[in-house]
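Reading through the structure tokens given below for one structure.
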Amino acid sequence: MTPLLFAATILAGGLGAGLRYVVDTAVKNRDRTAFPWGTMVINVSGSFALGLLTGLTSAHLVGVPWLTVLGVGLLGGYTTFSTASVESVRLLLARRWAAGLINGLGMLLLATAAAYLGLALGIG
């Protein structure tokens, strides 16, 4: 990895983290329930975007350096598995069994399906 690619990946990661905050706040402002919809939207949309980017790279329409900057950097900073895990546990600890399972397993299923769809679209 060149120093320029490393720096671009770091900057993109910071941008992704900022974007995650903006999206999460926007979703929370629209929906006042205790369910973590913001994290769900972020992880599903990020999985779709990474699948699409990976597919485009596999089809040689996007270069590997862009996959690094956008996939590892931007989308790595944007998506948040750790937050999703903690939110699922908090729901379970609050004895909100259905919400905890929907959040944990539902997000896994939706994010995987979104990644598959993005990959399929990217490969063409």
Per-region count, region 87-111, residues closer than 29 Å to Leu52 by Cβ and buried (at least 20 other Cβ atoms within 10 Å of the Cβ): 5
Pair list, Cβ under 7 Å, 6 or more apart: region 21-42 residue part of a loop (DSSP other than H, G, I, E, B), other residue surrounded by fewer than 17 Cβ atoms within 10 Å (Cβ to Cβ) and not β-branched (Val, Ile, Thr): Asp31/Trp37
Test: Leu5 is in contact with a Pro (Cβ under 8 Å, 6 or more places away or on another chain), farther than 11 Å from Gly76 by Cα and part of a helix (DSSP H, G or I): yes
Hits in region 16-46 (condition: of a type in the set (S, T, N, Q) and open to solvent by 30 Å² or more (accessible area, probe 1.4 Å)): Thr25, Asn29, Thr33, Ser45
Matching option when the condition is buried (at least 18 other Cβ atoms within 10 Å of the Cβ) and in contact with a Pro (Cβ under 9 Å, 6 or more places away or on another chain), among Ala12, Ala49, Ala114, Ala84: Ala84
Residue satisfying all of: in region 52-81; among the aromatic types (Phe, Trp, Tyr) and open to solvent by 40 Å² or more (accessible area, probe 1.4 Å); farthest from Leu15 (Cα to Cα) among these: Phe81
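The values are calculated or read from the model by the stated rules, or taken from the named source; none is laboratory data. Keep in mind it's a predicted model, so treat the numbers as computed, not measured. As a convention, Cβ positions derive from the backbone with ideal geometry for all residues, glycine included, and neighbour counts pool all protein chains shown. Ligands, DNA and RNA are excluded from the accessible area calculation, which covers all protein heavy atoms including side chains. Shrake-Rupley method; radii C 1.70, N 1.55, O 1.52, S 1.80 Å.
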